[in-house]
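The numbers here are math on the coordinates, done by the rules we state, and not lab data. Small disclaimer: the values here were computed from a predicted structure and weren't measured. Using ideal geometry, Cβ is built from the backbone for each residue, glycine included, and neighbour counts are taken over all protein chains shown.
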Amino acid sequence: MEYVAAGALGFAGGMLGGLVGVGGGVLFVPALAIFLDQSQVHAEATSLLAIVFVALVGAWRQRGYGNVRVREGLILGALSPLGVAAGVGVSNAIPERALELLFAGLAVVIAAQLVRRALAPPPGSSRGAGEGAR
Amino acid sequence: MPRDRLLRLAAIATAAGAFSGLLGVGGGTIVVPFLILWLGYGDREATGTSLAAIAVIAAYATVGQAMYGNVDVPKAALVGAPALAGVVAGAAVQQRLPERAVALLFAALLIATAVELVVA
């Protein structure tokens, strides 16, 4: 039963990745922590491995739809190791409860961002105002 | 590529990398909005390019976490295999549906996840 729940959350995380361009970790981590009995740190580490493959397949599909600027995507990836090293070090140095609260905060921030985007006027209608503000 | 654009990409990459290593996510949360707001990407373009970046960012972070012995490959497969089907379906749906309805649904799901993490 736990496996089915974890798999369902995995599918939903992948779906989220295809829809909004994230890796799905926001659902993989709770799936691993709640249903597969991993600690928060281990769940986050294991989630990253799943994300690699989800992002590869997602990018491949999105490229087929003409939605990937490959060069800039790879530049973003190539320039990230400093930030990654800092984040991994910190996640192994601070208490798990703090990580859980951080993760909850991140989820709320993403949610607010999704709602704001969903309720914003369609692209084009606000373009003139945005350029004027610059 | 203009230096200004490269510097902006570098800033986004560093922030996304830090989030990824810290929280076990891919960094798309950072990448997608900044590509749209800062580099003039269209919505779908931002999500597709974000996935390409995430593949690289998460690979770095996975290696980092594996050095601490924290990565469980079988459990990653249990969650990740269904997720591969999910991402193919999600990308297909994204091309056909207005993003906003789906985005609101997922926002609710994220809030539920946050509550669960805080309460559990």
Region B:1-71, relative contact order [Cα under 8 Å, separation at least 6], %: 29
Relative packing of B:75-85, A:9-19, which averages over residues the other C-beta atoms within 10 Å, highest first: A:9-19, B:75-85
Mean separation of Cα contacts under 8 Å, 6 or more apart, over the residue count of chain B: relative contact order %: 17
Nitroxide proxy distance, nm - points 7 Å out along Cα→Cβ at B:M1 and A:N92: 3.0
Alpha-carbon spread of region A:4-134, three principal axes, descending order, Å: 50, 32, 32
Average beta carbon contacts from partner chains per residue of B:1-12, 10 Å cutoff: 2
For B:D43, A:D37, order by how many other beta-carbon atoms lie within 10 Å, fewest first: A:D37, B:D43
Point-to-point label distance, B:A92-A:A5, nm (Cα→Cβ direction, 7 Å offset): 2.9
Peptide-level mean, for A:95-102, of C-beta atoms on other protein chains within 10 Å: 2
For region B:1-71, fraction of C-alpha pairs farther apart than 15 Å, in %: 53
Relative frequency of Cα-Cα separations exceeding 24 Å in chain B, percent: 37
Average projected area [Cα convex hull, the protein assembly as shown], square nanometres: 12.8
For region A:4-16, 3J(HN,Hα) per residue [Karplus equation, 6.51 cos²θ - 1.76 cosθ + 1.60, θ = phi - 60°, Hz, x = Gly/Pro]: 5, 4, 5, x, 5, 5, x, 4, 4, x, x, 4, 4
